[in-house]
Each structure stands twice: as C-alpha cells, then as structure tokens.
Amino acid sequence: MQQRVYSIVSRILNVPLRSIDDSSSPDSLKTWDSLHHLQIVLALEEEFGVQFFVVEIGALQNVGTIIAILQERTGADGHSDA
C-alpha cells in the first residue's frame, strides 16, 4: 500500500518518487496545492476502492496520515504493496 500511495502522490504532484516519504505534505512539496490535493483524493479513492468522508479529506495532510486512514478503511497492512 505504501508504494502505491507514494506512486500516486508522485504522479499527481509531478515530483520524483524518491522525494516522497511518510512526512511529505503541502508544506514540503511546492506542487501540493488544493487542486492537487483533490486530485490525490480522487486517485486514492479509485485505486483503493474507497470513498473518503469530508472530515477525512481535511485530515489527509501528509502521506503518513493518508496511509494510516487507508489502512483503517481497507484493513490492509500500510507497508505492504497489496
């Protein structure tokens, strides 16, 4: 899951995959603005077959939190690629 999330964030923000880690956020990545945030949310929903609640969308402020919320929603291990 972790690598899939990293890949989505990297692709949407048009930054190298190696620049993404759990602490990556709008504060550390210049291209992570409100429009890209929504694109990330939509891509994650499609990739993982989930729909985020409004309160969750606001909480998705860094990659580590994204993985934690996805793990809760899917019951998957956040660090596996499954």
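Coordinate-derived values only; no laboratory data. Everything numeric in this text was worked out from a predicted model, so none of it was measured. All Cβ positions, even for glycine, are placed from backbone atoms using ideal geometry, and neighbour counts span all protein chains on display.
Label-to-label distance for Ser34 and Val55 is 2.2 nm, based on points extended 7 Å past Cα in the beta-carbon direction. Loop-resident chymotrypsin sites (Phe, Trp or Tyr not before Pro) (DSSP state other than H, G, I, E or B) in the chain with no more than 12 further Cβ atoms inside 10 Å of their Cβ: Phe53. As I understand it, the dipole of the chain uses +1 on the Cβ of Lys and Arg and -1 on the Cβ of Asp and Glu, about the Cα centre. Which of Pro16, Ala76, Ile57 lies farthest toward its positive end? Highest projection toward the positive end goes to Pro16. Springs between Cα atoms under 10 Å define the GNM used for the chain, and in it the highest mean-square fluctuation of Leu13, Leu38, Leu70 occurs at Leu38.
Taking the three principal axes of the alpha carbon atoms in the chain, the coordinate ranges are 31, 26, 19 Å, sorted in descending order. Applying the Karplus relation 6.51 cos²θ - 1.76 cosθ + 1.60 with θ = phi - 60° to the stretch 62-75 yields 3J(HN,Hα) values of 7, 5, x, 5, 4, 5, 4, 5, 4, 4, 4, 6, 9, x Hz, where x marks Gly and Pro.
Computed from point charges on the beta carbon alone (+1 for Lys and Arg, -1 for Asp and Glu), the dipole magnitude for the chain about its Cα centre is near 220 Debye.
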